[in-house]
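Colleague: Got a structure for you, written out below as structure tokens; questions coming shortly.
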Amino acid sequence: MNQPAQRHEFQAEVKELLELMVHSLYSNKDIFLRELISNASDALDKLRFEQLTSSVGGSGSASGELYIRIETDPQKRTLSIIDNGTGMTQSEVIKNIGTIAKSGTKEFLRAVKEARNQEIPPELIGQFGVGFYSSFMVAEKVELLTRRAGETAATHWESLGDGSYSIGDGERDQAGTTVTLHLKPHDAEEGLRDYTSDAVIKEIVKRYSDFVAYPIRMKAWRKKTEGSSEAKVLEDETLNSRKAIWDRPKGEVSDGEYREFYRHISHDWTDPLRTIPIKMEGTLEAYALLYIPSKAPFDLYSPEMKRGVQLYVKRVFVMDECKDLLPPHLRFVKGVVDAHDLSLNVSREMLQKDRQIQIIRKQLVKKVLATLEEMKEGAPKEYLQFWAEFGPVLKEGLLGYDVQDKEKLLDLLMAGSTADASELTSLGQYIGRMKEGQDAIYFLAGSSKDAVAQSPLLEAFVQKGYEVLLFSDGVDELWLERAPAYKDKALKSVGRGEIKLGSEDDQKKESAALEEKQKDYSDLLTCLRVHLQDEIKEVRLSGRLTSSPVCLVGDEHDVSPRIQKLLAQMGQKPQKVKRILELNPGHALIPKLQAIFRENQADPRLKLYADLLLGQAHLAESGELPDPGAFSKVLTEIMQRAV
């Protein structure tokens with residue numbers, strides 16, 4: 001016996017989302033049909049895979065060709081999208097439509113609110129997984145009738161987009177889903193076309209959904225001649241070509257077709273930077289079509305990010321997120337891989353051990369990195385656009401000890417530089433500008449671009465004409481900790497150990513002069529170290545500073561403060577590493593401190609000045625103080641003494 005429909009309230013975020021959709025000024029409302037067809041295609045993919053790999057079937061399951069059907073009724077102003085895919089149970093309908101568990105919904109709402117106008121950017125609708133709700137841009141009411149494969153019960157759902165929906169039992173002859181839109185009156189000024197028009201439907205399907213693997217059919221009037229008479233009959237017409245774009249020769253596929261297929265698989269409405277068709281033959285047969293996006297997705301750094309390319313076996317969909325085909329640092333790559341020699345029953349556990357998957361993965365990585373290298377050399381503006389979006393992710397590949405492509409990743413690396421604050425440079429370009437006799441690539445890593453660019457640690461290098469690379473992404477200190485080398489040149493931090501610049505004669509002269517001054521100020525330096533002994537392991541004169549009075553550095557193999565902080569955030573308790581405080585022997589402040597010390601070694605001002613210098617060094621390094629309150633007290637007391 002059928003149960004009466006029950007009324008439910010949408011989740012708060014869904015209500016807000018519906019409000020945006022219903023009252024949106026989004027100009028290209030055609031996207032709703034592309035999203036509903038895409039949802040139907042996904043449902044068919046799932047059912048096809050289940051039928052091939054398990055015993056799914058039984059009452060009401062699809063037993064013939066899988067399809068998508070579009071039906072229109074101009075009199076009733078309805079448009080229906082019908083599939084015989086996997087369908088949903090009532091609880092699945094509530095979970096998938098009544099509420100949204102994905103964090104993407106909140107991100108979508110935030111992104112829309114941050115837009116400068118009221119128009120919803122087209123790439124947001126599909127990218128955030130909210131395509132079903134785009135129906136309310138064109139419909140006054142939406143109905144859904146669905147039946148799960150292998151089940152006998154069907155579910156009917158409907159909503160006016162007003163913050164609530166009703167759900168109850170329904171009747172459907174077979175598994176699948178029907179979405180029926182009760183359309184708003186078409187109004188050109190509001191961007192509403194007549195979505196009951198056959199011509200409009202055909203145009204939208206051809207433009208956005210031509211590559212869907214299942215036939216998209218619609219009844220159409222055709223002229224039929226019988227003897228001497230001619231009559232119009234209503235017959236099925238397939239609207240899409242259904243061609244597997246990835247195994248067609250590149251010369252037969254237009255740029256427009258490649259772009260539309262990218263939108264189909266990625267839900268990203270911005271054009272990709274690069275399209276990469278791949279054909280593998282020999283020990284195995286496989287085809288791939290990969291894309292490098294032009295924009296980073298909102299969840300690029302989220303553990304929940306949908307990553308990995310789609311996996312097919314002889315054009316049969318197997319897996320939506322095959323993470324084993326690309327490493328994590330290439331997770332931004334979208335696309336399809338069709339491996340002809342794999343088993344349809346391949347599981348995620350089997351994939352990890354499958355030799356063919358490893359061969360395919362190696363080829364995909366090689367092709368992607370080669371494409372990026374070609375872009376870097378041949379289209380530098382495009383590459384800089386790519387680097388701005390995905391550079392930090394690509395650098396994650398340098399964290400692995402066993403990455404075979406580390407040298408290629410270093411080839412692709414871009415960084416800021418003291419040579420030109422407005423331009424990024426590569427390691428290869430840096431080496432081409434190195435001074436004669438320079439045996440290392442100098443770099444400085446820090447918490448922000450401004451902090452690194454303005455660091456006093458750069459002063460001597462800039463004065464003597466030595467270029468320093470500047471790194472400020474969160475991942476930088478992690479991979480730089482591993483002391484990498486590029487083209488036999490070690491990457492050396494200017495904030496660690498003792499740096500010696502210039503010719504051997506220059507180094508000897510500077511070293512001798514510094515040692516002489518170190519002797520002169522030895523007792524003062526010891527006094528300052530005693531006052532700061534809980535924080536600092538050594539106070540010494542610096543060869544790095546030319547104008548600033550003080551800086552903080554580490555020993556050659558010390559763990560950096562940012563790494564210590566990261567370990568602490570991960571729940572570890574790293575051993576505290578004390579830093580080295582360096583003073584500029586050429587700064588006017590140092591002789592004045594020396595005079596105070598000689599007059600009275602117990603002068604309380606020496607402790608205040610020691611704390612002040614340490615605080616100044618912290619601020620110069622990161623813009624932050626370990627204890628702002630204590631520093632404020634020191635500053636206040638010094639001002640009181642001075643006034």
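The values are calculated or read from the model by the stated rules, or taken from the named source; none is laboratory data. Quick caveat: nothing in here was measured; it's all calculated off a predicted structure. Every residue, glycine among them, receives a Cβ derived from its backbone with ideal geometry; neighbour counts consider all protein chains shown. The accessibility values were calculated without ligands, DNA or RNA, using every heavy atom of the protein model including side chains. Shrake-Rupley method; radii C 1.70, N 1.55, O 1.52, S 1.80 Å.
Colleague: Mind listing whichever residues of the stretch 331-346 are out of contact with any Phe, Trp or Tyr (no Cβ under 9 Å at 6 or more places or on another chain) and under 19 Å from residue 272 (Cβ atoms)?
Modeller: 331
For (1) over 38 Å from the mean Cα position of the chain (by Cα); (2) surrounded by 12 or more Cβ atoms within 10 Å (Cβ to Cβ), each residue gets a yes or a no:
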position	(1), (2)
595	yes, no
605	yes, yes
616	no, yes
623	no, yes
627	no, yes
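Colleague: Within the stretch 314-325, can you find the residues that are buried (at least 20 other Cβ atoms within 10 Å of the Cβ) and modelled with pLDDT under 80?
Modeller: Selection gives 317, 318, 319.
Colleague: Would a scan of the stretch 564-585 turn up a residue that is part of a helix (DSSP H, G or I) and in contact with a strand residue (DSSP E or B) (Cβ under 8 Å, 6 or more places away or on another chain)?
Modeller: So far as the stretch 564-585 goes, no, none of its residues is part of a helix (DSSP H, G or I) and in contact with a strand residue (DSSP E or B) (Cβ under 8 Å, 6 or more places away or on another chain).
Colleague: Quick one: count up the residues across the stretch 530-539 that are assigned to a helix (DSSP H, G or I) and touching a residue at least 40 places away in the same chain (Cβ under 8 Å).
Modeller: Of the residues in the stretch 530-539, 1 are assigned to a helix (DSSP H, G or I) and touching a residue at least 40 places away in the same chain (Cβ under 8 Å).
Colleague: Does any residue in the stretch 499-524 that is over 17 Å from residue 587 (Cβ atoms) come within less than 9 Å, Cβ to Cβ, of a residue that is open to solvent by 100 Å² or more (accessible area, probe 1.4 Å) and assigned to a helix (DSSP H, G or I) six or more places away or on a different chain, and which pairs are these?
Modeller: Listed pairs, sorted by first residue: 502/509; 523/598.
Colleague: Quick one: count up the residues across the stretch 76-114 that are at pLDDT below 55 and open to solvent by 30 Å² or more (accessible area, probe 1.4 Å).
Modeller: So the count comes out to 3.
Colleague: Right, something else. I'm trying to understand the selection: among the residues of the stretch 509-537, which are open to solvent by less than 70 Å² (accessible area, probe 1.4 Å) and within 25 Å of residue 461 (Cα to Cα)?
Modeller: 511, 512, 513, 514, 518, 521, 525, 536
Colleague: Go through the stretch 285-294 residue by residue and tally those that are without any contact (Cβ under 8 Å) to a residue 60 or more places away in the chain and either open to solvent by less than 10 Å² (accessible area, probe 1.4 Å) or more than 20 Å from residue 359 (Cα to Cα) (or both).
Modeller: Selection size over the stretch 285-294: 2.
Colleague: Only one residue in 256, 282 is assigned to a loop (DSSP other than H, G, I, E, B) and free of Cβ contacts under 8 Å to residues at least 12 places away in the same chain, so which one is that? Break it down stepwise before answering.
Modeller: Numbers: 256 fails: assigned to a loop (DSSP other than H, G, I, E, B).
Exactly one residue qualifies, and that residue is 282.
Colleague: Which of (1) surrounded by 16 or more Cβ atoms within 10 Å (Cβ to Cβ); (2) out of contact with any Leu (no Cβ under 8 Å at 6 or more places or on another chain); (3) closer than 20 Å to residue 459 by Cβ; (4) in contact (Cβ under 8 Å) with a residue 40 or more places away in the chain is the odd one out, the single condition residue 551 does not satisfy?
Modeller: For residue 551, the exception is condition (2).
Colleague: Go through the stretch 17-75 and report how many residues are part of a helix (DSSP H, G or I) and modelled with pLDDT under 75.
Modeller: The qualifying residues number 8.
Colleague: Looking only at the stretch 348-402, which residues are among the acidic types (Asp, Glu), open to solvent by less than 60 Å² (accessible area, probe 1.4 Å) and at pLDDT below 95?
Modeller: Passing the criteria: 354, 396.
Colleague: Sticking with this one: Just checking, does the stretch 297-313 include any residue being at negative phi, of a type in the set (Phe, Trp, Tyr) and not in a strand (DSSP E or B)? Show your work before the answer.
Modeller: Filtering the stretch 297-313 for residues at negative phi gives 297-307, 309-313.
This time we only want the ones that are of a type in the set (Phe, Trp, Tyr), so: 298, 301, 312.
From what's left, not in a strand (DSSP E or B): 298, 301.
Yes: one or more hits.
Colleague: Of everything in the stretch 237-253 that's open to solvent by 70 Å² or more (accessible area, probe 1.4 Å) and either free of Cβ contacts under 8 Å to residues at least 24 places away in the same chain or not basic (Lys, Arg) (or both), which residue is nearest to residue 362 (Cα to Cα)?
Modeller: So the residue we want is 249.
Colleague: Could you look through the stretch 493-508, keep only residues that are more than 27 Å from residue 621 (Cβ to Cβ) and touching a Gly at 6+ places or on another chain (Cβ under 9 Å), and pick out the one that is most open to solvent (accessible area, probe 1.4 Å)?
Modeller: Restricting to residues being more than 27 Å from residue 621 (Cβ to Cβ) and touching a Gly at 6+ places or on another chain (Cβ under 9 Å), the top hit is 504.
Colleague: Return yes when residue 328 is without any contact (Cβ under 8 Å) to a residue 12 or more places away in the chain and either open to solvent by 30 Å² or more (accessible area, probe 1.4 Å) or out of contact with any helix residue (DSSP H, G or I) (no Cβ under 9 Å at 6 or more places or on another chain) (or both) and no when it is not.
Modeller: no
Colleague: Here is a further query. Please work out which one of (1) closer than 29 Å to residue 388 by Cβ; (2) without any contact (Cβ under 8 Å) to a residue 60 or more places away in the chain; (3) open to solvent by less than 30 Å² (accessible area, probe 1.4 Å) is the condition residue 303 fails and give its number.
Modeller: (3)
Colleague: Can I ask one more? Any chance the stretch 333-345 includes a residue that's at positive phi, at pLDDT 90 or above and open to solvent by less than 50 Å² (accessible area, probe 1.4 Å)?
Modeller: Yes, some residue in the stretch 333-345 is at positive phi, at pLDDT 90 or above and open to solvent by less than 50 Å² (accessible area, probe 1.4 Å).
Colleague: Filter the stretch 586-622 for residues that are in a helix (DSSP H, G or I) and in contact with a Pro (Cβ under 6 Å, 6 or more places away or on another chain); which is nearest to residue 523 (Cα to Cα)?
Modeller: Among those that are in a helix (DSSP H, G or I) and in contact with a Pro (Cβ under 6 Å, 6 or more places away or on another chain), it is 589.
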